[in-house]
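Worksheet: the structure to be examined is printed underneath.
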Amino acid sequence: MDTTNTTADLKSATMDADTHSAHYHTKSEVPTQLPPLGPDMRPLWPPKVDILMTVLFGIAVFSMPIWLQPFGAAYPDLMQRFAIFGIFAIGFNILFGLTGYLSFGHAAFLGIGSYAAVWSFKLLSLNVVPAIILSVLIAGVFAAAIGYVSLRRSGIYFSILTLAFAQMCYNLAYSVLTPITNGETGLRVLRNDPRVLDALVGSSEVAIPRASFFGISMTGMAGFWACAVCLMIAFYIALRITRSPFGMMLRGIKSNQTRMAYVGFNTRPYTLVAFIVSGMYAGLAGALLAVVDPLAGAERMQWTASGEVVLMTILGGAGTLLGPFIGAVLIKYFENIFSALGHTTLSDAFSFLPDGVREFAVSIVSPFVGEGWHLTLGVLFVLVVIFLPGGLAEGFRRIGRMFRGGNKSETSS
Amino acid sequence: MTKFERPSRRGFLQGTAIAGATLAVPTFFTRGAWAQANFCNAPKGASVVLGFNVPQTGSYADEGADELRAYQLAVKHLNGEGDGGMLNTMKPSNLKGNGILGKKVEYVTGDTQTKSDAARASARRMIEKDGVIMFGGGSSSGVAIAQQSLAQEIGVVYMCGLTHSNDTTGKDKRRYGFRHFFNAYMSGEALGPVLAEVMGKDRRAYHLTADYTWGWTQEESIKNATEALGWETAQTVRTPLGAGDFSQYLTPVLNSGADVLILNHYGNDMVNSLTQAVQFGMRDKQVNGKQFEIVVPLYSELMAEGAGEAVKGIFGTSNWDWKLTDEGTAAFTKSFGQEYGRPPSQAAHTCYVQTLLYANAAETAGTFYPPEVIKALEGFEFDGMGNGPTLYRADDHQCFKDVLVVRGKENPSSQFDLLEVYKVVPRDQVTYKADIFGGELGPYEVAGCAA
């Protein structure tokens, strides 16, 4: 099993978005040269490239307040969103990218996570730890139930089933279960909620109900650091899942489920676990949404939200580790920054042009910003799907290969 | 070929230390950016930024567009451009027409999409990125309440735009939220006696209600007011916001034995449900030997414009109407008309007035420091803003002023002249005790985004 593991790691590395995969690329063609590992030589350390990748990813995430500055996106709310929807997309990718099951109802778990977290803030404690644990668990339970039914079908039927379940959840939250979800207004944390755990250690009365991590209030940058830490953990777990024999099994299911069945594997437990894990990721993302802003609204369960995560994953690169995160950042950036660009901002931006030309330039560009940000996103999506079917991650890989290709003659010896 | 080795203990420790240091670097750069002077978004430099967060898409988009027009006009007038509008009629006023506290007013806009989530995200962008000192806007009470909570959490004043739910200044009231618009309770108190007078005391009402906080409280208020006058309530049915097609909800109405249909809908929902009800021929029906009637408790010119012929003779209430004859209304309608070629809606009016009231409070307080501005607004009694003498009650941050009962005009003289003021219900009749809805304002001092 361990030998398989290492080989699997090497093979899988070539499928990934990281630029270091090429180091492996040459190796995986000669796997026989590797010394076989005995059962007592289990690799305690993950492959170096994984550590390197996690560290680089960590640096990129934690330095967001610096490198996002020129893009006008370095403010806490948006960076929190990058991290949170990054988690959501990375989790979604475990199901869609790895296992090949396209769920159109993942926003349901996002919403369930949020509601669970807000209820935890209301009933248990304003501390984020119980809220996060509770939401991940509850989202997992719902994922198990929905997955158990939906996974009896595959392909388009599976997608439709998940979509139907998600819309059911949305409608329940929106109107039927109003006492639990507070309907359209959204569930909020109030000053005089019971908060049993807080009451045990002191007073449950607070002036302003805010989520906190043992006294550190989760607003502004603190909220972002918390989300970033969660993102790192989520990313590393996803990385380990991808590299594991279990991940290999999921990829086998994606490439040919029937063959897997003939080889003697019962695939259903694997798909169900993948579904639950990715549901729990969505639950974590939902919980974090409630942590940084203690309000849960039904609209985050709507089908548009489910569609958004599919877009993120495909745009960034389905089946890659970094792709979904890149997609999430891009879409949230468009949604928050592009949508706020107005006519005046454009005129300022083109102020270096002579009057007539500026008017022309503004009139050309303005349908693509502001309310028209969906249009830009649509164009980008079409371009990516046509020219880079592997998503933006494939684009980066191509660029990386080009550079290495140029240098190869000097360094390959 | 490179060899893959497990890192040595020393190597690992060194690596960890370097990684840790690298991760900590950003905090040194960012800490300063968020530790602002003494309160959230204290204006530095020669200008001050206001945030206008209105629905630009969705069921209430028309209202949002008009609100935005009013905000832009208010900013113009505050900066001393244009003819000054209500700056000239407001009493008492400390406004000088040179910005607020000598700082030029700038603004940013956002789209609430009539969704609580999106509205809060947009508001946080304004607060965290654009550094707004005050934000405002509305059209959905759910969204207004969500933003008002955010205002309290983060410590930036929120001046509600159009929001009509009792909860906004009732059980969900907040120290940092203020509402100039009237509410469902006042609508009920004003409309009830008129309905009884026109339609008689022996009526059975059927409610169709938008399924969120505003719909719920309006249904409750109208129900209480009409039942107190002897009406019965046949049934109350909740409809989802933005349903578009209401035929499935309208079909059962005629078979229910009700002879009045009360539409607790607003914006495009009201346009659709009223138009469909009229198309169903409901207004030509006789039920229980009486003419079947439709009532729309909260009315607006924009909705009347959308519904066209269907509004003729329909009763409702309104916060303000551009055809009022006082000098404040005249001044505002004139400058709005000159700017945009159309009369302002009540949504535009309330947003315009709110912006001026905030600016005046800051001038009065002599600072932008929110607790002082809030204290200047609380209990502020003013006139000349189109509603007669008005009080910003300190207990719940609700404005008390006259309420208009309006009716769809039978023979409109123009496309904007669709409603006639049937009765002006005086302020005393719609005033209620502050504690009937419960709720708590919360503290003045919040360690918000400056913390």
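Readers should treat all values here as calculations from the given coordinates under stated rules, not as data from a laboratory. As the structure is a computational prediction, the values presented were derived from the model and not from experiment. In this analysis, Cβ positions are derived from the backbone assuming ideal geometry, glycine residues included, and neighbour counts consider all displayed protein chains.
If we count every other residue with Cβ under 15 angstrom of residue B:326's Cβ, Lys/Arg +1 and Asp/Glu -1, where does the sum land?
Computed value for this residue: +1.
Within region A:203-281, report the trypsin sites (Lys or Arg not before Pro) that DSSP leaves as loop and that have at most 10 other Cβ atoms within 10 Å.
Here no trypsin sites (Lys or Arg not before Pro) fit, given the DSSP loop and packing criteria.
Tell me whether region A:106-196 comes out rounded, prolate or oblate; compute the Cα gyration tensor, take square roots of the eigenvalues as a ≥ b ≥ c, and use a/c under 1.5 as the rounded threshold.
In terms of gyration-tensor shape, oblate.
Taking the mean number of other Cβ atoms within 10 Å as a proxy for protection, how do you rank A:146-158, B:206-218 from highest to lowest?
Peptide ranking by packing, descending: B:206-218, A:146-158.
How about region A:175-224: which chymotrypsin sites (Phe, Trp or Tyr not before Pro) there are in a DSSP loop, with at most 13 other Cβ atoms within 10 Å of their Cβ?
Sparse-neighbourhood loop chymotrypsin sites (Phe, Trp or Tyr not before Pro): A:214.
Using 1/(1 + (r/R0)^6) with R0 = 60 angstrom and r between the beta carbons of residue B:247 and residue A:52, what's the FRET efficiency to the nearest 0.05?
0.45
Could you list which residues have their amide H under 5 Å from that of residue B:423, counting only those 5 or more apart in sequence or on another chain, with H placed in the peptide plane?
Those lying under 5 Å, H to H, from residue B:423 are B:405.
Which FRET efficiency, nearest 0.05, do residue A:59 and residue B:447 yield, Cβ-Cβ r, R0 22 Å?
0.10
Could you give the angle, 0 to 90 degrees to the nearest 10, between helix B:213-228's Cα long axis and the longest principal axis of the Cα atoms of chain B?
Computed tilt is about 30 degrees.
Let me check I've understood the local charge: for residue B:367, count other residues with C-beta under 15 angstrom from its C-beta, Lys and Arg +1, Asp and Glu -1. What total comes out?
0
Could you please rank B:108, A:292, placing first whichever residue has the fewest other Cβ atoms within 10 Å of its Cβ?
With the sparsest Cβ surroundings first, the list reads B:108, A:292.
Among A:395, A:97, A:317, determine the one that fluctuates most according to a GNM of chain A built with springs between C-alpha atoms less than 10 Å apart.
Maximum fluctuation in the GNM of chain A, among the listed residues, is at A:395.
What is the gain in length, in nm to one decimal, between residue A:386 and residue A:240 on full extension, counting 0.36 nm per residue of separation less the C-alpha to C-alpha distance?
Gain on stretching residue A:386 to residue A:240: 49.5 nm.
Let's test the formula: R0 of 41 Å, r as the Cβ-Cβ distance of residue A:376 and residue A:160. What FRET efficiency results, to the nearest 0.05?
Computed FRET efficiency for residue A:376 and residue A:160: 0.90.
Please rank A:293, B:62, B:417, A:355, fewest neighbouring Cβ atoms within 10 Å first, as an exposure proxy.
A:355, B:417, B:62, A:293
For B:222, B:262, which order do you get if you count the other beta carbons within 10 Å of each Cβ and list the fewest first?
Going from least to most buried by this count: B:262, B:222.
Provide the percentage of antiparallel DSSP beta bridges, counting only those with both residues in the protein assembly as shown; round to the nearest 5.
40 percent
List the pairs from A:122/B:171; B:76/B:104; B:290/B:423; B:173/B:375; B:103/B:334 whose alpha-carbon separation is above 19 Å, in the order I gave them.
Violating the 19 Å limit, Cα to Cα: B:290/B:423; B:103/B:334.
Relative to the longest principal axis of the C-alpha atoms of chain B, give the angle of the C-alpha long axis of helix B:184-199, reported between 0 and 90° and rounded to the nearest 10°.
Approximately 10 degrees, to the nearest ten.
Compute the angle between helix B:346-365 and the longest alpha-carbon principal axis of chain B, please, reported from 0 to 90 degrees and rounded to the nearest 10.
Result, in degrees: 50.
Starting from region A:264-306, pick out the chymotrypsin sites (Phe, Trp or Tyr not before Pro) whose DSSP state is loop and whose Cβ has at most 16 other Cβ atoms within 10 Å.
A:265
So what J values fall out for region B:167-176 if you push phi through Karplus, 6.51 cos²θ - 1.76 cosθ + 1.60 with θ = phi - 60°, rounded to Hz, Gly and Pro as x?
Values, residue by residue: 5, 4, 10, x, 5, 10, 5, 9, 4, 8 Hz.
Sort A:46-52, A:163-169 by packing, meaning the average of other beta carbons within 10 Å per residue, with the highest value first.
A:163-169, A:46-52
Apply the Karplus parameterisation 6.51 cos²θ - 1.76 cosθ + 1.60, with θ equal to phi minus 60°, to every residue of region B:424-429 and state each ³J(HN,Hα) to the nearest whole Hz, in sequence, with x for glycine and proline.
9, 8, x, 3, 4, 6
In peptide A:332-339, how many Cβ atoms from other protein chains are near each Cβ within 10 Å, on average?
2
Give the range of the longest stretch in chain A that excludes all GluC sites (Glu not before Pro) found in loop regions by DSSP and having at most 16 other beta-carbon atoms within 10 Å.
A:206-413
Could you tell me whether the protein assembly as shown comes out rounded, prolate or oblate from its Cα gyration tensor? Rule is a ≥ b ≥ c as square roots of the eigenvalues, rounded for a/c under 1.5, then prolate if a/b exceeds b/c, otherwise oblate.
Prolate shape, in that a/c is at least 1.5 and a/b is the bigger ratio.
Taking the Cα-to-Cβ direction at residue B:81 and at residue B:198 and moving 7 Å from each Cα, how far apart do the two end points lie in nm?
Simple spin-label model gives 4.2 nm for this pair.
Using the Karplus curve 6.51 cos²θ - 1.76 cosθ + 1.60 with θ = phi - 60°, what ³J(HN,Hα) values do you get for each residue of region B:309-323, in whole Hz, with x for Gly and Pro?
Once θ is set to phi - 60°, the couplings for region B:309-323 become 3, 4, 7, 4, x, 7, 8, x, 10, 8, 7, 6, 9, 5, 8 Hz.
What's the local net charge at residue B:351, with K and R +1, D and E -1, over the other residues with C-beta under 11 Å away?
-2
Using a Cα-Cα cut-off of under 18 Å, which aspartates and glutamates could be cross-linked to residue A:254, ignoring same-chain neighbours fewer than 8 residues away?
Excluding near neighbours in sequence, the set is A:9, A:16.
For chain A, what does the helix formula give at 222 nm: sum of -39500 (n - 2.57) over DSSP H segments with n ≥ 4, over the residue count, nearest 500 deg cm²/dmol?
Calculated mean residue ellipticity at 222 nm is -21500 deg cm²/dmol.
Please give the calculated 222 nm ellipticity per residue for chain B, where each DSSP H segment of at least 4 residues contributes -39500 (n - 2.57) and the sum is spread over every residue; nearest 500 deg cm²/dmol?
Value at 222 nm, helices only, nearest 500: -12000 deg cm²/dmol.
Taking the Cα centre of region B:124-251 as origin and charging only Cβ (+1 Lys, Arg; -1 Asp, Glu), how large is the dipole, in debye to the nearest 20?
360 debye
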